[in-house]
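Just below is one structure, and these are the notes that go with it.
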Amino acid sequence: MTIYTPPLRDMQFVMHEVLNVTADLQQIPKHADMDADTINAVLEEGGKFAAEVLLPINRSGDEEHCVLNTSTHEVTTPTGFKAAYQQYVAAGWAALACDAEFGGQGLPLIVNQCFYEMMNSTNQAWAMYPGLTHGAYAALHAHGTPEQQATYLPKMTSGEWTGTMCLTEPHCGTDLGLMRSKAEPQADGSYKITGTKIFISAGEHDLSDNIVHLVLARLPDAPPGIKGVSLFIVPKFLVNADGSLGARNSVFASRLEHKMGIKASATAQIELEGAVGTLVGQPNKGMQAMFVMMNAARLGVGNQSLGLTEVAFQNALIYAKERIQMRSLSGVKAKDQAADPIIVHPDVRKMLLTARAYAEGGRALMCFSSMLLEKEHNHPDEKVRKESGELLALLTPIVKAFITDNGHIATNACMQVFGGHGFIRDNGMEQFVRDNRINMIYEGTNTIQSLDLLGRKVLGNQGATLKKFGKLIGALVAEEGVNEKMAEFITPIAILGDQMTKFTTEIGFKGFQNPDEVGAAAVDYLRVAGHLVFGYFWARMAQVALRQIAAGSTDPFYTAKLQTARFYFAKLFPETATLMRTARTGSKVLMDTDAALA
Ligand SMILES: Cc1cc2nc3c(=O)[nH]c(=O)nc-3n(C[C@H](O)[C@H](O)[C@H](O)COP(=O)(O)OP(=O)(O)OC[C@H]3O[C@@H](n4cnc5c(N)ncnc54)[C@H](O)[C@@H]3O)c2cc1C
């Protein structure tokens with residue numbers, strides 16, 4: 001039986017003490033009255049929903065899976081999933097950060113993000129059903145016609161209808177330019193879509209009245225490749241002019257995948273047999289509209305691993321204090337017991353602190369990124385909107401790949417804390433490892449994220465956006481450079497920041513002569529960049545903790561924060577040196593290996 005305590009104190013620390021989000025939010029007209037108490041109160045309730053409603057059906061959902069009825073093509077979700085969804089809708093959680101114009105509560109995106117972190121901790125598989133709806137909502141909000149928005153957004157806001165993203169086909173995953181699904185224009189302005197989509201999360205289920213599929217397909221005269229892909233809304237049930245549900249559309253689930261993890265999330269093969277759809281945005285510009293959803297989903301996937309890292313840490317910590325094995329190397333610690341609790345052993349501590357440092361660093365980055373998204377869309381100053389969007393574009397692949405890779409390291413470490421008791425199913429730890437594994441794969445594998453970061457976002461603009469992040473580090477160095485107590489946190493990021501400039505130029509130069517050099521360095525590069533970003537947030541968190549302690553606070557929260565920061569810089573951050581070294585060994589040792597791979 002796993003436990004979960006919503007990390008409200010840490011969320012409040014990041015939001016109100018480190019990032020001071022209410023000051024930023026108050027500059028945005030629709031959040032002018034927002035205050036910390038409102039945010040905290042909503043998250044407290046959200047934490048109860050996650051811990052009391054979702055956690056109890058996490059394990060049972062994993063064991064029960066979803067079931068497809070091949071005659072009716074209907075999918076039944078595991079016991080309790082539908083009731084939990086009804087509770088979620090009735091309590092208004094679906095509408096939390098949606099626009100008031102469409103019936104939403106209009107709360108800041110950061111509130112929704114923290115709420116989702118808690119749902120991901122307690123039941124990632126369940127959270128995917130409403131989670132994808134937010135991405136589909138964002139794509140239609142940005143690119144739908146007023147009529148499409150009026151038809152779909154209020155129902156998606158209320159949670160009565162859910163959304164999907166239908167990109168992948170059997171022969172086309174990473175390379176969406178290979179897509180074959182077809183869209184035939186009809187006399188009435190609609191389209192008939194035909195094709196097979198695979199691996200569609202929440203592609204069919206029994207939680208909502210309708211499912212709004214966002215489908216990529218090609219028009220008859222479309223140019224080849226990615227530039228010939230258009231986006232369509234294909235609802236499971238057609239929608240009548242008065243908004244009521246009409247005929248069943250010819251879009252069906254023909255198969256459910258059996259998977260390593262997130263077993264209660266329905267991963268469906270979807271057949272489109274002349275299904276009726278309407279075009280979203282411009283013909284052949286489908287990727288532009290779909291990227292709104294993909295970017296939202298990439299942040300969401302990082303948040304999934306953050307949730308799993310946190311819950312794995314909480315459970316491993318309790319276990320490490322209770323489980324007694326062997327004596328401490330430095331002498332008996334628990335004299336009244338036959339052995340010491342395993343938390344006395346250095347390596348057990350290392351595993352626990354690794355998870356803690358990755359969870360808390362990840363939370364800071366997630367919250368910062370949510371605020372950038374908020375500012376990009378809603379800030380009144382155009383310059384702030386533009387700069388926020390650019391910085392978020394740089395950070396998105398880091399959120400997606402670095403947090404999910406860290407989630408893999410952390411959930412495995414926490415399972416290891418349990419020894420054999422982590423490997424067996426009873427303690428729930430192996431489910432966290434299994435559920436996290438997909439996060440490194442979908443929404444563009446982590447390799448693809450690293451190519452996006454290095455190729456497009458860094459070298460694509462000669463490092464201009466990276467320099468903008470460098471300015472944040474520069475400001476912190478200027479502020480704290482003479483503070484001796486901050487030196488242990490500031491010096492490493494200042495040094496790495498300088499090294500990154502040279503490192504990036506070097507790869508850029510080699511890549512100019514041979515593009516495989518970029519492909520060979522990208523994964524290492526993203527991890528170095530991830531540490532630079534985490535290092536910056538850990539330094540800022542240490543700064544707040546030091547100030548509180550200097551002001552006389554004896555709250556152990558700040559001592560813990562400082563100790564975790566020290567651990568992070570001592571034991572995790574230094575891997576950047578090895579990563580830069582391996583990246584520099586280049587592509588030759590990979591590409592001249594035909595004999596080895598024969
Ligand atoms: C549980 C689950 C849920 C999913 N949900 C959805 C969904 O809701 N909607 C949807 O449309 N899709 C979904 N997917 C599909 C998912 O996004 C793809 O599986 C993923 O994008 C990778 O595509 P692929 O599996 O075809 O792998 P491939 O594209 O065949 O890649 C295979 C390997 O080659 C590597 N590779 C490919 N190209 C390059 C390159 N240029 N450079 C370096 N390495 C490269 C990849 O990184 C990977 O390691 C889901 C998948 C799963 C398993």
Give me the pairs, please: first residue somewhere in segment 511-525 and closer than 16 Å to A401 by Cβ, second residue anywhere and in a helix (DSSP H, G or I) and away from the ligand (no atom under 13 Å from the Cβ), beta-carbon distance under 6 Å, and either six or more positions apart or on two chains. V518/G511; A521/I507; A521/A583; D524/L579; D524/T582; D524/A583; Y525/A583
Is one or more of the residues making up segment 12-27 within 23 Å of R547 (Cα to Cα) and in contact with a His (Cβ under 8 Å, 6 or more places away or on another chain)? yes
Could you check segment 239-263 and list, in sequence order, the residues that are touching a helix residue (DSSP H, G or I) at 6+ places or on another chain (Cβ under 9 Å), among the small types (G, A, S) and within 16 Å of the ligand (Cβ to nearest atom)? G261
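If a residue must be surrounded by fewer than 16 Cβ atoms within 10 Å (Cβ to Cβ) and in a loop (DSSP other than H, G, I, E, B), how many such residues does segment 19-39 contain?
Filtering segment 19-39 for residues surrounded by fewer than 16 Cβ atoms within 10 Å (Cβ to Cβ) gives 20, 23, 26-27, 29-30, 32-33, 35-38.
Next, from what is left, pick out any that are in a loop (DSSP other than H, G, I, E, B): 20, 26-27, 32-33, 35.
Qualifying residue count for the region: 6.
Within segment 426-474, count every residue that is in a helix (DSSP H, G or I), of a type in the set (S, T, Y) and at pLDDT 95 or above.
Step one: of segment 426-474, the residues in a helix (DSSP H, G or I) are 426-427, 429-440, 446-461, 464-474.
With of a type in the set (S, T, Y) added as a condition, the list becomes 447, 450, 465.
Pick out the ones that are also at pLDDT 95 or above and you get 447, 450.
The number of residues fulfilling the criteria is 2.
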Taking segment 269-281 and keeping only residues that are more than 17 Å from Q186 (Cα to Cα) and either out of contact with any Leu (no Cβ under 9 Å at 6 or more places or on another chain) or within 9 Å of the ligand (Cβ to nearest atom) (or both), one is left with I270, E271
What are the residues in segment 162-180 that are surrounded by fewer than 21 Cβ atoms within 10 Å (Cβ to Cβ) and small (G, A, S), if any? G173, G177
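Out of all the residues in segment 243-255, which are of a type outside the set (K, R) and either surrounded by fewer than 19 Cβ atoms within 10 Å (Cβ to Cβ) or not in a strand (DSSP E or B) (or both)? Before the answer, list the steps.
Initially, segment 243-255 is screened for residues of a type outside the set (K, R), giving 243-247, 249-254.
Scanning segment 243-255 gives G243, S244, L245, G246, A247, N249, S250, S254.
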Within segment 1-18, residues buried (at least 20 other Cβ atoms within 10 Å of the Cβ) and in a loop (DSSP other than H, G, I, E, B) come out as Y4, P6, P7
Does L451 satisfy being touching a residue at least 24 places away in the same chain (Cβ under 8 Å), within 30 Å of E506 (Cβ to Cβ) and under 25 Å from the mean Cα position of the chain (by Cα)? yes
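Residues are listed down the side, and each one gets a yes or a no for (1) in a loop (DSSP other than H, G, I, E, B); (2) surrounded by fewer than 17 Cβ atoms within 10 Å (Cβ to Cβ); (3) under 28 Å from the mean Cα position of the chain (by Cα):
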{"position": "I198", "(1), (2), (3)": "no, no, yes"}
{"position": "V212", "(1), (2), (3)": "no, no, yes"}
{"position": "A217", "(1), (2), (3)": "no, no, yes"}
{"position": "P220", "(1), (2), (3)": "yes, yes, no"}
{"position": "F232", "(1), (2), (3)": "no, no, yes"}
{"position": "S265", "(1), (2), (3)": "yes, no, yes"}
{"position": "A289", "(1), (2), (3)": "no, no, yes"}
Of all residues in segment 154-176, how many are within 16 Å of the ligand (Cβ to nearest atom) and either in a strand (DSSP E or B) or under 15 Å from D221 (Cα atoms) (or both)? 7
Taking only pairs six or more apart or across chains, which ones have beta-carbon atoms under 6 Å, a first residue in segment 47-62 that is without any contact (Cβ under 8 Å) to a residue 60 or more places away in the chain, and a second residue that is crowded, with 17+ Cβ neighbours inside 10 Å? V53/A84
Given the conditions (1) in a helix (DSSP H, G or I); (2) crowded, with 24+ Cβ neighbours inside 10 Å, every one holds for K48 apart from (2)
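The values are calculated or read from the model by the stated rules, or taken from the named source; none is laboratory data. Keep in mind the model is a prediction, meaning the values are calculated, not measured. Quick reminder, even Gly has a Cβ in these numbers, built from the backbone with ideal geometry, and neighbours come from all protein chains shown.
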